[in-house]
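Enquirer: Dropping the structure in here first, questions after.
The values are calculated or read from the model by the stated rules, or taken from the named source; none is laboratory data. All values reported here derive from a predicted model rather than from experimental measurement. Note: ideal-geometry Cβ built from the backbone for every residue, glycine included; neighbour counts use all protein chains shown. Areas reflect the complete protein model, heavy atoms only, side chains present, ligands, DNA and RNA absent. Shrake-Rupley method; radii C 1.70, N 1.55, O 1.52, S 1.80 Å.
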Amino acid sequence: PFLEHIDVPTTPIHLATGGSFAAVAANMVAAARSGEVESRQLFGSLDCDPLAALVPEGELSSGLDGSLAVLSEIAHWAGKNAPELRTITVSTLPYHLAGANAVQELAFALATGIDYLRSLTDHGLEPGATCRQISFRHAVGRDLFTEAAKLLACRRLWARATDICGVAEEDRAAPIHAIASPRTLTTRDPWVNSLRTTVGAFAAAVGGADILTVLPFDAAIGQSEDLARRIATNSQTILR
């Protein structure tokens, strides 16, 4: 089952859905209801990000306009039924993996966020309600100061952009999900990756990330083993 062994009312759930965000979101809501969990108890993010899915794939099953229309429907539903569940994720991972630097990643994040803001307001959502649906996802590498500054800059840029759009101050927040950079991991001598991901995790914490994912040291090789996942989890615990 989709949510088996998860205490939904007390556990935030953050998905990675790609271009299938509509189907996965529907399955999550259906699973919650089948487990007698009310929609208002759901919190986390649904990772609806058609632009990020379009970049590596080159196409979307419903096309970009169709995907944005579905995105607006999901956002409408969440705003009324699951106010603690953010539906839209602005992810810079595709650009990061393609070699973008920190400044370029921020530019893509800001452009994508504004594009979603325009699209959803065109579909009838208020700007403030739209902003309450948006969160950001950034990869954090091993350059401690640059990565921390990138997350801090993301918040300030988004606050400035939404201020210009007339969004109230309480709706300008930019929740950030930081993920250890996959492009910094090596397949040879992978144990050294633990050092890289630890530096990235520390940069994310200093930069004020709200959610943190530390990749196992063997993530670049394939399916991670129990030891690697345990070390990734423990590194967050020790840093905390």
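Enquirer: So which trypsin sites (Lys or Arg not before Pro) in the range 154-228 pass both tests, a DSSP loop state and at most 11 other Cβ atoms within 10 Å of the Cβ?
Expert: Here the sparse-neighbourhood loop sites are Arg188.
Enquirer: Another one. Ignoring GluC sites (Glu not before Pro) that are buried or in helix or strand per DSSP, and keeping those with at most 13 other beta carbon atoms within 10 Å, what is the longest stretch of the chain between them?
Expert: That would be 85-224.
Enquirer: Using only Cα atoms, find the angle between the long axis of helix 21-34 and the longest principal axis of the chain, and express it within 0 to 90 degrees, rounded to the nearest 10.
Expert: Here the helix axis deviates by roughly 80 degrees.
Enquirer: May I ask you to give the solvent-accessible area per residue for the range 1-160, in square angstrom, as obtained with a 1.4 angstrom probe?
Expert: In whole numbers, the range 1-160 has 48 Å² accessible per residue.
Enquirer: Could you compute how much accessible surface Thr198 exposes when probed at 1.4 Å, giving the result in Å² to the nearest 10?
Expert: Here the accessible area works out near 50 Å².
Enquirer: List the residues, sorted by chain then number, that are 5 or more residues from Thr87 or on another chain and whose placed amide H is less than 5 Å from its amide H.
Expert: Leu46
Enquirer: Another question about this same structure. Take the Cβ-Cβ distance between Thr146 and Glu126 as r, set R0 to 35 Å, and report the resulting FRET efficiency rounded to the nearest 0.05.
Expert: The pair Thr146/Glu126 has a calculated efficiency of 0.50.
Enquirer: Using only Cα atoms, tell me the angle between helix 63-81 and the longest principal axis of the chain; keep it within 0 to 90° and round to the nearest 10.
Expert: On a 0 to 90 degree scale, this one is about 80.
Enquirer: A further question on this structure: Using a probe of 1.4 angstrom, how much of the accessible area of the chain is carbon and sulfur, in percent?
Expert: Result for the chain: 54 percent of the exposed heavy-atom area is carbon or sulfur.
Enquirer: Between Ile6 and Arg188, 0.36 nm times their residue separation minus their Cα-Cα distance comes to what?
Expert: Computed gain between Ile6 and Arg188 is 62.0 nm.
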